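Working notes, beginning with the structure itself.
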Amino acid sequence: MSTRKRQSRQNNVDGAVAFFKNAKTKQPFKGKGNEELLSALELIESTAQTSGLSAEHIDALLDVALDGIQVETVCKRLLKSLIPSGSVLQNSAVKCISALCVQKHSITLQCLLLRWLLVVYDYLEGRDHLHCLYDTIFHFLHYRTLMPYVCHLLYLLTRKEDIRLFRVRHLLQYQKDMGTQPYLTGLLSIYRRYYPNIIHVVNTRSYKSFFPTYDRKWSAVVRQVQEKNRQPGAETNWEVALLQRNSTGTQANDLVPSRKRRKMDPIPLIDSLTTKSCYKRDRQGNILGLKTVPFVLVQCFKDLLDNIDSLEFPSQIGAVLKSDALKHMMSYTKNLTAATRFEFWMSETLYEELTLTDKEKYHDRVSNLLKLLKLFGDFLREGTPTVDLVLSQYLQKWNGLDYAPHIFKLISQFRLVSFDALNIAVLEPLQKLFACSTVYFKCKVIVCLTELLRNQAAYEWPRYRESPQGNRILSLFCVEEETFSHRETLTQFVSWVCRLSLAGSIEEKFHPLYELCVLDFLELVSSLHTHYDLPFVVFVEPRLYERLVISHNPITVAKLCEVICRYKESFSMLKSRVPSTLEDQQMIRRCNHIIRTFCNLLWRFQAYSTDDKASIFHINPATVDERLGGQAMGESLSVIRHPALLPFTVRYVHKCLMEDTIDVYDLKFLKRDLLTHLDEYHLDAFSQFVSTFVRSRPSQTGNPHKTQMSSLSAGDSQAFGF
């Protein structure tokens, strides 16, 4: 269109608008004498459909429609023609609300005013003046016909300071009288975002289902006109602010429309009115007199420190998973409202994501969510109660394959609860999968349970530990405390894992990888007191030692000796710190029996005992087979003839003694030299075990190589320093 034609058309529109403004009497819409009226109306409609109207023309025509000089049909057509070419004045929006207050117009025209306001809401030059009328707009909820549009407008205008208990009561009463209406549920949902502790609404989690687009064609025409009039390279204020906020590191997801982004990533971005309309917070502060700063304005850690006491949590609380600054803010302020909002969001999102039917299509998205949850737990050093609850429900039907690495990591962050609750939520589902899985899955389960014990000892136990004053270390999440014995929980958990490990060891028949995973768990259990300052020591199932000590893997036997030495250190430290309880004394006696058995087995060539019923190898060889000699069986598990160590013995004889054959009886006098040979192959745990529990002294025959155990055969437990 040429400049001359554009100016001519603009002059014609100015004349048409002036015609309506200067009209003093009501003219009939039909009949003779109204050609000029129809001509002006059609010109305004055609211009609005093609290029839109200026903000001044819209404001003037809105006055004409609200004055009531023209008939209602003309007023409706004028309102539908108010398609902005650019922005819309705030004063025009205020006029719409003022017209509703006088009750001068029909209910149909009032609905049309609200519909127009919703269509052009995104193009208002500002919303401060409209927000000041929040109380007035809320009053129109009394009118059932206007209620859907009023709820939609309030949904867009609501800020944290607008939420009051009396408004919540009114909305709940409306919902009680009218039933569950989507627009009421939508308005309550935005209220719940800010105060989930006082509002509980089960919603459909869809903005479109709350407020369906009644004027889809009208909105489409407005968008087309805006795009047509937009100059190339021109950017709106909110686009500039968004680019500035993301200038340090723009992510690809930020440039994707919000609905598409929700389909690709369930985690929202930190957003607020500040980024979309240059909205400025009230300098007078909120109703409490405090100046609040939207968190979206934080661009660096310095901004966080400078405004730590006045920052306001974003409504998209789920964005904490991707914002390190927001994580620091949550952990510092320990805001229970923000934590509750996060749990509400996490409960719905995680459950929805884990129950998706097309797992292959959404595998990466769900995996990313679970990974971020694990990182969030590592940052806070505590698990999330909601995640524990959703995960415990998911484990009941988990196949052991879907998202396995992330599921195991989240299990290791479970909070410290009673053993019965832990057994139902985690242990029983894992046990069912453990019994019918491969050895590699069994190893994953044992590693997961090891990390769970480490987490409970390092972080959960200090958090729930009772001090003499009854104080507890604060937690970010508010959880009802369950009355249970924390020591008993850990003790029962360790015993349960040991029984599970024993069953797996029997089934897998000395698989080396599985044995190493079990030994990592035993090493952690033996060092709970020394490394994590737990006021007790847990001694594991003796039958597990019996199974591991006859392994064909030398590393397994060596690490088992190292575990026994760690138990010696833990019990000695425990006895020096606190008086021993009856339960501690029982565990010490059990540990002494294991030490005595291992000494007899590895060093004294007395693997099987016929008189010591406390020994794990209490057996009479004659009852097994008369051809088995007691001496041969007793030497079968020593450091010389143990199946796992026999290759090292042969290598020692060939390389060190330079002999082809040697009598086993002669090797008994070279046991310590053999231990030195084992040290060269990084099996020094045997030397550590012997030096800790075996006292050497010359025998009565004067043979310097012969060693004896002082007071060991007599069963004196004090010989071990306990």
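Values as computed for the structure displayed
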{"item": "Single residue of the range 536-576 satisfying the filter (hydroxyl-bearing (S, T, Y) and over 13 Å from S526 (Cβ atoms)) that is nearest to the chain's Cα centre (by Cα)", "result": "T556"}
{"item": "Those residues of the range 422-452 which are open to solvent by 40 Å² or more (accessible area, probe 1.4 Å) and assigned to a helix (DSSP H, G or I), in sequence order", "result": "I424, E428, Q431, K432, A435, Y440, K444, V447, E451"}
{"item": "Selection count where residues are open to solvent by 50 Å² or more (accessible area, probe 1.4 Å), at pLDDT 75 or above and not in a loop (DSSP other than H, G, I, E, B), scope the range 194-228", "result": "6"}
{"item": "Filter result for the condition that a residue is within 14 Å of P266 (Cβ to Cβ) and either in a loop (DSSP other than H, G, I, E, B) or at pLDDT below 80 (or both), over L321, L356, L369, L288", "result": "L356"}
{"item": "Some residue of the range 354-377 being touching a residue at least 24 places away in the same chain (Cβ under 8 Å) and at positive phi", "result": "no"}
{"item": "Some residue of the range 584-600 being at pLDDT below 80, open to solvent by 10 Å² or more (accessible area, probe 1.4 Å) and assigned to a loop (DSSP other than H, G, I, E, B)", "result": "no"}
{"item": "Subset of the range 291-308 [open to solvent by 20 Å² or more (accessible area, probe 1.4 Å) and more than 21 Å from T340 (Cβ to Cβ)]", "result": "K291, V293, L297, V298, Q299, C300, F301, K302, D303, L305, D306, N307"}
{"item": "Residue, least open to solvent (accessible area, probe 1.4 Å), within the range 339-372, restricted to residues that are under 17 Å from Y394 (Cβ atoms) and of a type in the set (F, W, Y)", "result": "Y362"}
{"item": "Test: V387 is in contact with a helix residue (DSSP H, G or I) (Cβ under 7 Å, 6 or more places away or on another chain), farther than 22 Å from D265 by Cβ, in contact (Cβ under 8 Å) with a residue 12 or more places away in the chain and assigned to a helix (DSSP H, G or I)", "result": "no"}
{"item": "Count of residues meeting criterion [crowded, with 18+ Cβ neighbours inside 10 Å, touching a Ser or Thr at 6+ places or on another chain (Cβ under 7 Å) and closer than 13 Å to L146 by Cα] in the range 84-110", "result": "1"}
{"item": "Matching residues, the range 525-580, being open to solvent by less than 10 Å² (accessible area, probe 1.4 Å) and within 25 Å of T676 (Cα to Cα)", "result": "Y545, L548, V549, S551, T556, V557, A558, L560, C561, V563, I564, Y567"}
{"item": "P579, sole failed condition from (1) outside any helix (DSSP H, G or I); (2) under 38 Å from the mean Cα position of the chain (by Cα)", "result": "(2)"}
{"item": "Top-ranked residue in the range 50-64 [being without any contact (Cβ under 8 Å) to a residue 60 or more places away in the chain and open to solvent by 20 Å² or more (accessible area, probe 1.4 Å); ranked as nearest to E227 (Cα to Cα)]", "result": "S54"}
{"item": "Verdict on L375 being outside any helix (DSSP H, G or I), open to solvent by 60 Å² or more (accessible area, probe 1.4 Å) and farther than 26 Å from H200 by Cα", "result": "no"}
{"item": "Tally, over the range 667-681, of residues that are of a type in the set (K, R) and open to solvent by less than 40 Å² (accessible area, probe 1.4 Å)", "result": "2"}
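Every residue, every condition in (1) surrounded by fewer than 19 Cβ atoms within 10 Å (Cβ to Cβ); (2) on the phi < 0 side of the Ramachandran plot; (3) not charged (D, E, K, R), yes or no:
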{"site": "W116", "(1), (2), (3)": "no, yes, yes"}
{"site": "Y121", "(1), (2), (3)": "yes, yes, yes"}
{"site": "L146", "(1), (2), (3)": "no, yes, yes"}
{"site": "L154", "(1), (2), (3)": "no, yes, yes"}
{"site": "D162", "(1), (2), (3)": "yes, yes, no"}
{"site": "L165", "(1), (2), (3)": "yes, yes, yes"}
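The values are calculated or read from the model by the stated rules, or taken from the named source; none is laboratory data. This is a predicted model, so every value here is computed, not measured. Cβ: placed from backbone, ideal geometry, glycine included. Neighbour counts: every protein chain shown. Each accessible area value is taken on the protein alone, full model and side chains, heavy atoms only, with ligands, DNA and RNA left out. Shrake-Rupley method; radii C 1.70, N 1.55, O 1.52, S 1.80 Å.
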